[in-house]
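This report refers to the structure that appears directly beneath it.
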Amino acid sequence: MAFQYLTNIPLEQARKEYLDLLIQNGMGGTSERIGVQNACERITARAVYAQICAPHYHASAMDGIAVKAAATFGATQTTPVTLAPEQYTVVDTGDPLPENCDAVIMVEDVVKEEDGSVRLFDAAAPWQHIRQIGEDICAGEMILPAYTAVTPSAIGALLAGGVMEIDVLKKPVVGIIPTGDEIIPPTSDPAPGDIIEFNSSIFSAMLRQWGAEPVTFPIVPDRFDMIKAAVSRALAECDIVVLNAGSSAGREDYSAQVIKELGGVLYHGIAMKPGKPAILGYQGAKAILGVPGYPVSGIIVIEQLLKPILEYQNHHPVRQDQMVRAQLSRPVVSGLKYQEFVRVRMGHVDGRLIATPLNRGSGVVSSFMKADGILTIPQGLEGYEAGSEVEVRLLRPVEELENTLVAIGSHDPLLDELADLLHRKDSSFYMASTHTGSMGGIMAVRRRETHVAGIHLLDEEDGTYNTSYVRRYFPNGGVRLVECVGRTQGIMAAKGNPKQIAGIEDLAASGIRYVNRQKGSGTRILMDYLCKKADLDVSSIYGYEREEFTHTSVAAQIASGSADAGMGIYSAAKMYDLAFIPVCTEQYDLLIPDSAWETTLVQEMLEILRSREFACKLEELGGYTLQSPGTVRCRF
């Protein structure tokens with residue numbers, strides 16, 4: 001098929017045609033011979049047969065005496081049979097059966113006499129308590145068929161059957177070539193403009209899980225000849241090549257041209273999001289996969305297009321994905337041109353499985369780490385409305401989701417500490433937090449989509465927190481407002497406060513760049529109120545519409561130098577070593593619906609809130625005050 005630049009082929013079609021082409025070109029697995037002890041999780045290349053019987057001798061199955069069964073016939077509780085010393089042999093479990101014996105009597109059924117004879121009160125049946133030759137495995141029997149994963153128990157069976165070595169499929173060797181002038185090896189101190197190369201580490205871990213052997217080559221600059229040389233070397237040494245980055249259509253995106261010169265390109269551009277710029281290349285039977293540089297795009301491309309190739313070469317499917325039905329907590333909009341993969345957090349709330357979409361950016365690798373499942377939006381569909389029932393591919397066992405405390409609402413680092421303490425207390429318990437702001441948390445509780453919501457909403461009329469909002473949105477009650485912490489809100493500024501910011505009014509000064517929280521968050525409501533109180537026009541504050549979803553992300557923008565100030569909590573400022581101008585102490589509470597109150601997860605969380613360990617964690621973070629955490633402030 002002729003090379004087509006930036007096509008938009010449906011994913012299913014591209015996947016099938018790519019695999020068919022590689023098979024047509026002779027792709028297949030090769031085998032190697034290895035010791036059985038090292039064969040766990042490897043795939044058999046052909047059927048394996050027992051070389052000997054197991055057991056290979058008649059063995060005693062009990063501690064006791066070996067006898068000829070006929071010598072015990074007639075023994076009863078009233079007419080015992082006595083055997084002379086020469087009529088029996090003492091044996092232990094596993095001992096070979098002595099000649100002329102065909103039964104074993106357990107030691108507890110034997111009465112020994114002083115002269116060495118024994119009395120028996122029950123007759124022995126022929127071959128009782130004896131493991132006969134071949135009882136487990138007979139020589140010549142098939143122990144494992146071809147293309148079967150070797151389990152720990154299979155290793156035992158193989159060795160018992162006298163098999164010392166087996167032929168297994170060689171692990172496909174996948175060469176990973178990272179490219180880019182700005183890419184550097186992992187470091188804790190990158191310079192501005194440096195991009196840490198961690199995609200190859202992610203891909204390598206995925207490949208190992210799928211039975212492949214990854215090999216990461218040195219980083220290659222964006223030079224056509226150097227990339228071509230690196231791919232040529234990888235093709236000579238590996239079964240599959242992954243060329244990371246350079247798959248788009250930019251001026252330094254050479255991947256497609258290199259692959260075309262060294263082999264061929266089936267498609268460049270797949271109707272999937274993220275991952276559209278993927279390149280399906282080949283050299284004969286070897287796949288050359290051009291993968292976008294954004295980590296989430298790369299993960300999706302590797303999973304959707306490389307995993308099927310490995311499954312074919314290993315003649316063994318990777319663990320099958322578990323699909324579940326879930327209710328979507330927020331709307332998801334998608335373009336009609338692509339099949340889109342959306343990461344979601346999940347948990348069981350009020351008898352339903354709830355799925356909450358995470359950040360959809362292709363570069364947000366943490367969203368994949370936090371994701372509990374993947375929602376696939378088919379090509380040609382505009383998306384799903386909130387409340388829709390959708391099918392989700394699980395990334396975590398369903399048992400874990402059943403033991404997951406769902407928290408949707410205002411962000412605070414203390415939620416991460418709660419999650420850690422909850423899991424430390426019982427490793428079967430988990431906590432999944434999604435940061436939607438205080439109003440988002442209230443609405444999630446109203447829709448019965450969360451176990452708990454963090455809120456800190458200021459009533460501008462009387463200066464109180466949270467209670468008036470809960471009364472307004474829950475006129476019929478059914479919720480409890482639980483005290484959590486008092487926390488210090490203020491203006492975060494660059495270290496040393498070089499702009500000399502002293503209060504809200506200074507934020508409108510020339511040269512001050514502000515970064516805000518999202519609309520609906522308690523911090524945004526507080527900031528709007530403070531500006532109104534100071535008679536400050538928010539349009540005069542440069543960057544007021546620039547929004548971030550967490551206190552730490554606001555602090556990170558200031559620490560990076562892209563903003564001079566932002567409203568946030570003291571613990572976030574301390575974390576990033578920023579200047580902090582206190583504004584107020586606010587009440588951060590947890591809103592819990594009555595339907596979740598008696599659940600084990602909620603009660604465990606409340607116990608942690610009252611614990612000394614939690615208080616110590618908050619003391620380390622700084623900026624919090626504790627009065628009676630975990631107690632009910634109001635029941636509605």
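I need the full set of residues from the stretch 550-567 which are surrounded by fewer than 24 Cβ atoms within 10 Å (Cβ to Cβ) and assigned to a helix (DSSP H, G or I), in order please.
The answer is Thr552, Ser553, Ala556, Gln557, Ala559, Ser560.
Exactly one of (1) at pLDDT 95 or above; (2) open to solvent by 10 Å² or more (accessible area, probe 1.4 Å); (3) within 27 Å of Gly269 (Cβ to Cβ); (4) more than 27 Å from the chain's Cα centre (by Cα) is unmet by Met164. Its number?
Among (1) at pLDDT 95 or above; (2) open to solvent by 10 Å² or more (accessible area, probe 1.4 Å); (3) within 27 Å of Gly269 (Cβ to Cβ); (4) more than 27 Å from the chain's Cα centre (by Cα), the lone unmet condition for Met164 is (3).
Does any residue in the stretch 469-483 that is within 18 Å of Leu458 (Cβ to Cβ) come within less than 9 Å, Cβ to Cβ, of a residue that is hydroxyl-bearing (Ser, Thr, Tyr) six or more places away or on a different chain, and which pairs are these?
Between residues of the stretch 469-483 that are within 18 Å of Leu458 (Cβ to Cβ) and residues that are hydroxyl-bearing (Ser, Thr, Tyr), the close pairs are Tyr469/Ser438; Leu481/Thr467; Glu483/Ser628; Glu483/Thr631.
Hey, can you tell me all the residues within the stretch 35-46 that are open to solvent by 30 Å² or more (accessible area, probe 1.4 Å), touching a strand residue (DSSP E or B) at 6+ places or on another chain (Cβ under 6 Å) and not charged (D, E, K, R)?
None; the set is empty.
Can you pull out every residue in the stretch 447-462 that is modelled with pLDDT of 95 or more and either over 29 Å from the mean Cα position of the chain (by Cα) or open to solvent by 10 Å² or more (accessible area, probe 1.4 Å) (or both)?
Matches in the stretch 447-462: His451 only.
Please pick out the residue among Leu536, Leu507, Leu526 that is out of contact with any strand residue (DSSP E or B) (no Cβ under 7 Å at 6 or more places or on another chain) and either touching a residue at least 40 places away in the same chain (Cβ under 8 Å) or not in a helix (DSSP H, G or I) (or both). Show your work before the answer.
On the way: Leu507 fails: out of contact with any strand residue (DSSP E or B) (no Cβ under 7 Å at 6 or more places or on another chain); Leu526 fails: out of contact with any strand residue (DSSP E or B) (no Cβ under 7 Å at 6 or more places or on another chain).
Result of the check over Leu536, Leu507, Leu526: Leu536.
Under 6 Å between Cβ atoms, which residue pairs at least 6 apart in sequence (or on different chains) link something in the stretch 434-453 that is over 18 Å from Leu526 (Cα atoms) with a partner that is part of a strand (DSSP E or B) and of a type in the set (Lys, Arg)?
Close Cβ pairs satisfying both conditions: Thr434/Arg345.
Look at the stretch 96-120 and say how many of its residues are open to solvent by less than 50 Å² (accessible area, probe 1.4 Å) and either closer than 24 Å to Ala157 by Cα or in a loop (DSSP other than H, G, I, E, B) (or both). Talk me through it step by step, then tell me what you get.
If we filter the stretch 96-120 for residues that are open to solvent by less than 50 Å² (accessible area, probe 1.4 Å), which is where we start, we get 97-98, 101-106, 110, 116-118, 120.
Still in the running and either closer than 24 Å to Ala157 by Cα or in a loop (DSSP other than H, G, I, E, B) (or both): 97-98, 101-102, 116-117.
Of the residues in the stretch 96-120, 6 are open to solvent by less than 50 Å² (accessible area, probe 1.4 Å) and either closer than 24 Å to Ala157 by Cα or in a loop (DSSP other than H, G, I, E, B) (or both).
Which is open to solvent by less than 40 Å² (accessible area, probe 1.4 Å) and in contact with a Cys (Cβ under 9 Å, 6 or more places away or on another chain), of Tyr514, Tyr544?
Tyr544
When you go through (1) without any contact (Cβ under 8 Å) to a residue 60 or more places away in the chain; (2) in a helix (DSSP H, G or I) one by one for Arg396, which number turns out not to apply?
(2)
Here is a check on your reading of the model: is Ala14 in contact with a strand residue (DSSP E or B) (Cβ under 9 Å, 6 or more places away or on another chain), part of a helix (DSSP H, G or I), crowded, with 17+ Cβ neighbours inside 10 Å and of a type in the set (A, V, I, L, M, F, W, C)?
On the way: in contact with a strand residue (DSSP E or B) (Cβ under 9 Å, 6 or more places away or on another chain): yes; part of a helix (DSSP H, G or I): yes; crowded, with 17+ Cβ neighbours inside 10 Å: yes; of a type in the set (A, V, I, L, M, F, W, C): yes.
So Ala14 fits the description; yes.
Could you list all residues from the stretch 470-503 that are part of a loop (DSSP other than H, G, I, E, B), among the aliphatic types (A, V, I, L, M) and surrounded by 13 or more Cβ atoms within 10 Å (Cβ to Cβ)? Write out each step before concluding.
First, pick out the residues of the stretch 470-503 that are part of a loop (DSSP other than H, G, I, E, B): 474-478, 494-503.
Next, only the ones that are among the aliphatic types (A, V, I, L, M) stay: 494, 501-502.
Those that are part of a loop (DSSP other than H, G, I, E, B), among the aliphatic types (A, V, I, L, M) and surrounded by 13 or more Cβ atoms within 10 Å (Cβ to Cβ): Ala494, Ile501.
The values are calculated or read from the model by the stated rules, or taken from the named source; none is laboratory data. The model shown is predicted, which means the values in this text are computed figures rather than measured ones. All Cβ positions, even for glycine, are placed from backbone atoms using ideal geometry, and neighbour counts span all protein chains on display. Accessible surface is based on the protein model in full, side chains and every heavy atom, while ligands, DNA and RNA are left aside. Shrake-Rupley method; radii C 1.70, N 1.55, O 1.52, S 1.80 Å.
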